[in-house]
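To keep things clear, I will list the structure first and then write my remarks on it.
The values are calculated or read from the model by the stated rules, or taken from the named source; none is laboratory data. The model shown is predicted, which means the values in this text are computed figures rather than measured ones. Cβ atoms come from the backbone with ideal geometry, glycine included; neighbour counts cover every protein chain shown. Note: areas computed on protein heavy atoms with side chains; ligands, DNA, RNA excluded. Shrake-Rupley method; radii C 1.70, N 1.55, O 1.52, S 1.80 Å.
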Amino acid sequence: MTIPPFLIGAALVFWGWQSGNLVAGIALGIVLEAPRYLKFRLDLGAVEHSRIADLSTIGFVALTVLLAANRGISRGILEAFIWAPAALAPVMLAQLLAAAASVLKSDPARLELRAGKVVSQEKSLSFREVMRLYFADTEGEIVGRGFFKVPRNIEVPLGYPSPFWEIGFGAAEVEVDETTGVVKILKYVSLTDAGKMIHPLQCHGQDEGAAVFGLGLTLFEDLIYQDGQLVNPNLVDYRLPRFGDLPGSFRTHVAEEGGGHNFIILRADEAKNYYVQFAASRGETTVRAEAVSNLYLEPAHMLSPRRSKALLALGWNPPTPGQSPNFYRDWEVRDEQTRREMARLAIRTLVEIYGLKPTEAVGLKLHLQRSEAA
């Protein structure tokens, strides 16, 4: 930030006027404003800045002790702070002299950015070199400000697509009171592929918080309007999820950078080995779905010809050498509709073919192969 001319000088003169030290304020103002009009410059590095800062600090502490000894502790400390601008003036002067020396001595309008460097005619410096030369060895900060607003789309929830997304899913086991209709979540598990995690604990916390937000929006939260007026505008009437609403089993799993080959198995009956599974490779949109065939079933649990035909009627391909020993189907997963179709096919297969009852739990096994880079 460029300090306007005479601002520091005016501040010091005002300080001298208010503290009864007008002459000292004017003198300090002249000293600190003079570098704007003098060609003389000092190349001050980190060592020089540290020495000046140390001397200013020693001077300020000595002044505080002297005033406290002569005028009492409370009054002495107060007057020491009144004299702080004078005691710390050398530090301010050093910073002004260092910042006044332009790194490339060029009009900013003529500077160009090329291949990660700042270029001015025949001279070029990297961003780090510019910051090191301008801020000295301690360096400093360059702050950028900007924003991005996604375009409105009435076909997505809330009217705006998300500029950030991640691959994940959640599954819940619920209990419904047939008399009152109250829904209670007994178990919840979620999995997210977060990419590269910088802070794993915060990633898990973010997913747990997102799950609780979803729980509230699904089961409790509701804005109620009557005659155009909001009738539950406070936290007494607007129902938020409480700790007592959390499932007894609440787990979140965060994977890092997925894996080369990943699969998930949904089991209807582990003892009979009835399952539907999905497999995919990282970076690909094709998902292979399979429903277990008689090749992997014990004689007592083999599928009848009627159930095998029912699998084909649902859309599964028959077991084929060179393709899959199970009933299979390949999906190009590019949108939400396709994912919903996959979920419906899995549920219908587990219930209609493998005999899963609505009151029974679905077994779930997830395998994520760690990538070579992980």
Subset of the stretch 337-374 that is basic (Lys, Arg) and modelled with pLDDT of 75 or more - its residue that is nearest to the chain's Cα centre (by Cα):
ARG339
Selection status of THR57, open to solvent by 30 Å² or more (accessible area, probe 1.4 Å), among the β-branched types (Val, Ile, Thr), at pLDDT below 70 and out of contact with any strand residue (DSSP E or B) (no Cβ under 9 Å at 6 or more places or on another chain):
no
Of the listed residues (ARG344, ARG307, ARG288), the one being open to solvent by 50 Å² or more (accessible area, probe 1.4 Å) and either part of a helix (DSSP H, G or I) or aromatic (Phe, Trp, Tyr) (or both) is ARG344
GLY228 versus (1) surrounded by fewer than 11 Cβ atoms within 10 Å (Cβ to Cβ); (2) at negative phi; (3) more than 25 Å from the chain's Cα centre (by Cα): which is the lone unmet condition?
(2)
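Go through the residues of the stretch 291-301 one by one and say whether even a single one is part of a strand (DSSP E or B) and either touching a residue at least 24 places away in the same chain (Cβ under 8 Å) or surrounded by 14 or more Cβ atoms within 10 Å (Cβ to Cβ) (or both).
yes
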